[in-house]
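Structure first, then comments.
The values are calculated or read from the model by the stated rules, or taken from the named source; none is laboratory data. Nothing here was measured: the structure is a model prediction, and the numbers come from that model. Cβ sites come from the backbone with ideal geometry, for glycine too, and all protein chains shown count toward neighbours. For the accessible areas, the whole protein counts, side chains as well, though only heavy atoms, and no ligand, DNA or RNA atoms are used. Shrake-Rupley method; radii C 1.70, N 1.55, O 1.52, S 1.80 Å.
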Amino acid sequence: MKELLEKLTASPEEKTFRLKARLEAAGPMTLWSKQTFLTCPHCERRATRQRWSESLYVCPNCGTYQPIGGYYRLSLLFDHGSFHELSVKTIQQDPLHFPGYAEKLSLQKRKTGLSEAAITATGRIGGMPVVAAVLDSRFFMGSMSAGVGERVTQAVEYASAKKWPLIIFSASGGARMQEGIFSLMQMAKTSAAIAEFSARGGLYISFLTHPTTGGVTASFASLGDIMLAEPGALIGFAGPRVIRQTLGIELPEGFQTSEYLQEHGFVDKIVPRSELRDTMTQLLRLHAPKGQKV
């Protein structure tokens, strides 16, 4: 009855948000597939679609995490009915007029339904307001373009103005090479915004998912007051294969995984997808301003 009432009273924006979340829930495992069973790309074992959904798209057999879309991730986090997508400033998406880039952008937009690799929104978690940004790896592998940098910066500035906590979910292959120096400039831009936010006493929770690499790792993703990560996520600047080939040495087992980084003090806690909302609620309550009702 409660779920039915929420559906009937939801705003048009909330209904659209929930629809988008359902559409992208399975990531590459398309929602409208007629298949009853889905195969894990890692262990190649099958499980029913219902079991995949119940496990939040973590393989029921081997525990490997499948990528999920940004709206779906936020639907696992926000209180029902609290989602509000932030309006974003339009940024030229092809500043260098890179050959073929405009066509690739158009294709990515049609395939994903996104206008860029970052989604920014406000919502409530356990009744507490937050600003969240999510990098979506389906759009150019979540690479950092001028548009992504601007959206992240706007989210940081909005959180600062509202004095709300900031949560950023990173998933990126690094800089977007088609935008050259404009992409690299976003490292300084986002880092400066985070520094100002922190100087004003803002709480920033950085959540690293698979993969978080390149310029995103070297900027805002690594600047969290609290560093969280999903199990088994690849986290680093260059990938382990590049490092191995460059240095000509064997790397430690599990190098650049979230577990290895937690062991060495870079990650504070590894949070399973099923515990995401409860963990965030506890952290927000622990760091709530004095006198705020939680």
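Could you pull out the residue among SER170, SER183 that is over 18 Å from the mean Cα position of the chain (by Cα) and among the polar types (S, T, N, Q)?
One residue alone meets the criteria, SER183.
Out of everything in the range 221-280 that is under 25 Å from THR190 (Cα atoms) and part of a helix (DSSP H, G or I), what residue ends up being most open to solvent (accessible area, probe 1.4 Å)?
GLN262
Considering only residues that are assigned to a helix (DSSP H, G or I), open to solvent by 10 Å² or more (accessible area, probe 1.4 Å) and at negative phi, which ones fall in the range 170-185?
MET177, GLN178, ILE181, PHE182, LEU184, MET185
Which condition number in (1) in a helix (DSSP H, G or I); (2) farther than 23 Å from TYR101 by Cα; (3) open to solvent by 10 Å² or more (accessible area, probe 1.4 Å) is the one that ILE194 fails?
Evaluating ILE194 over (1) in a helix (DSSP H, G or I); (2) farther than 23 Å from TYR101 by Cα; (3) open to solvent by 10 Å² or more (accessible area, probe 1.4 Å) leaves (3) as the failure.
Being surrounded by 19 or more Cβ atoms within 10 Å (Cβ to Cβ), not in a helix (DSSP H, G or I) and not hydrophobic (A, V, I, L, M, F, W, C): is that true of ARG138 here?
Yes; evaluated as a whole, the condition is true for this residue.
From the set of residues in the range 50-77 that are polar (S, T, N, Q), at pLDDT 90 or above and surrounded by fewer than 19 Cβ atoms within 10 Å (Cβ to Cβ), which is farthest from ILE119 (Cα to Cα)?
Only one residue tops the list, namely ASN61.
In the range 81-95, what residues are open to solvent by 80 Å² or more (accessible area, probe 1.4 Å) and either among the polar types (S, T, N, Q) or in a loop (DSSP other than H, G, I, E, B) (or both)?
SER87, LYS89, THR90, GLN92
Just to be sure I understand the filter: pairs with C-beta atoms under 9 Å, separated by 6 or more residues or on different chains, first member in the range 169-195 and closer than 17 Å to MET141 by Cβ, second member of a type in the set (Ser, Thr, Tyr) and assigned to a strand (DSSP E or B). Which pairs pass?
PHE169/SER206; PHE169/THR209; SER170/SER206; SER170/THR209; SER170/THR212; ALA171/THR209; ALA171/THR212; SER172/THR212
Quick grid of which residues meet (1) in contact with a Leu (Cβ under 7 Å, 6 or more places away or on another chain); (2) among the small types (Gly, Ala, Ser); (3) crowded, with 17+ Cβ neighbours inside 10 Å; (4) in a helix (DSSP H, G or I):
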| site | (1), (2), (3), (4) |
| --- | --- |
| PHE98 | no, no, no, no |
| LEU107 | no, no, no, yes |
| LYS111 | no, no, no, yes |
| VAL131 | yes, no, yes, no |
| THR153 | no, no, yes, yes |
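Restricted to the range 155-169, and to residues that are of a type outside the set (Asp, Glu) and surrounded by fewer than 23 Cβ atoms within 10 Å (Cβ to Cβ), which residue is farthest from SER115 (Cα to Cα)?
It comes out as LYS163.
Do we have ALA47 as open to solvent by less than 40 Å² (accessible area, probe 1.4 Å) and modelled with pLDDT of 90 or more here?
Answer is yes for this residue.
Could you check the range 200-213 and list, in sequence order, the residues that are open to solvent by less than 10 Å² (accessible area, probe 1.4 Å) and farther than 14 Å from VAL156 by Cα?
If the condition is that a residue be open to solvent by less than 10 Å² (accessible area, probe 1.4 Å) and farther than 14 Å from VAL156 by Cα, then PHE207, LEU208, THR209, THR212 are the ones that fit.
I'd like the full set of residues that are within 26 Å of GLN92 (Cβ to Cβ) and in contact with a strand residue (DSSP E or B) (Cβ under 9 Å, 6 or more places away or on another chain), limited to the range 123-139.
VAL131, ALA132, ALA133, VAL134, LEU135, ASP136, SER137, PHE139 - these are the residues of the range 123-139 that are within 26 Å of GLN92 (Cβ to Cβ) and in contact with a strand residue (DSSP E or B) (Cβ under 9 Å, 6 or more places away or on another chain).
Sort out which residues of the range 124-137 are in contact (Cβ under 8 Å) with a residue 60 or more places away in the chain, over 11 Å from the mean Cα position of the chain (by Cα) and at negative phi, and write them in order of number.
Within the range 124-137, ILE125, MET128, VAL130 qualify.
List the number of the failed condition for SER172; all other conditions in (1) farther than 28 Å from LYS290 by Cβ; (2) in contact with an Asp or Glu (Cβ under 9 Å, 6 or more places away or on another chain) hold.
(2)
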